[in-house]
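Every number in this text was worked out from the coordinates using simple rules, so none of it is lab data. Remember, predicted model here, so these are calculated numbers, not experimental data. Cβ atoms come from the backbone with ideal geometry, glycine included; neighbour counts cover every protein chain shown.
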């Protein structure tokens, strides 16, 4: 099954970031920001898969993204117009970013951090329009979950598990 969706995608390292959101939410901007982050060394090499419209299909449990043929290698850069950039013809999706997401929270619910698309379960980052998505994606791709358990540290007075446990530096 192949579906055409209004989205952008960038291959970062070995997996693609699929960027979804309503028109004007910043999909193209985020795609180009990821490419720039790859060029600057903040992320592994990042190459455009597709901007504005992409094709999705599943294969062996993986979600595959391809550019719409008529848009392959083209990206909109606000203030410059449509520009040609290096691109790849397909990639396996490893992360979904939903811009202008209604369920974007400071501490998102566990169920908000995954999405199932055509049978493939993928990590997801819901992003509120008030926040820049790039630092969230860089953090998601370059860090690991810091929670050792679902229980807050002993010094957490709010009981919401967002306090760092004491270390030798605080003792």
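If you take the square roots of the eigenvalues of the alpha-carbon gyration tensor of the range 2-142 and sort them as a ≥ b ≥ c, do you get rounded (a/c under 1.5), prolate (a/b over b/c) or oblate?
On the way: a/c = 1.41, a/b = 1.13, b/c = 1.25.
It is rounded, given that a/c, with a ≥ b ≥ c, falls under 1.5.
At R0 = 45 Å, how high is the FRET efficiency between residue 129 and residue 60 if r is their beta carbon distance? Nearest 0.05 is fine. The partial results should precede the final answer.
Values: r = 35 Å, r/R0 = 0.79.
The calculated FRET efficiency here is 0.80.
I need the calculated FRET efficiency for the pair residue 82 and residue 138, taking r as the beta carbon distance and R₀ as 22 Å, to the nearest 0.05.
Working: r = 26 Å, r/R0 = 1.19.
Plugging the Cβ-Cβ distance into 1/(1 + (r/R0)^6) gives 0.25.
If you take every DSSP beta bridge whose two residues both sit in the range 2-142, what share of them, in percent to the nearest 5, is antiparallel?
75
Considering all alpha-carbon pairs of the range 59-118, what whole percent are spaced by more than 15 angstrom?
Counting pairs separated by more than 15 Å, the tail of P(r) holds 66 percent.
For the residues 15, 83, 78, what sequence is obtained by ranking on other C-beta atoms within 10 Å, fewest first?
78, 83, 15
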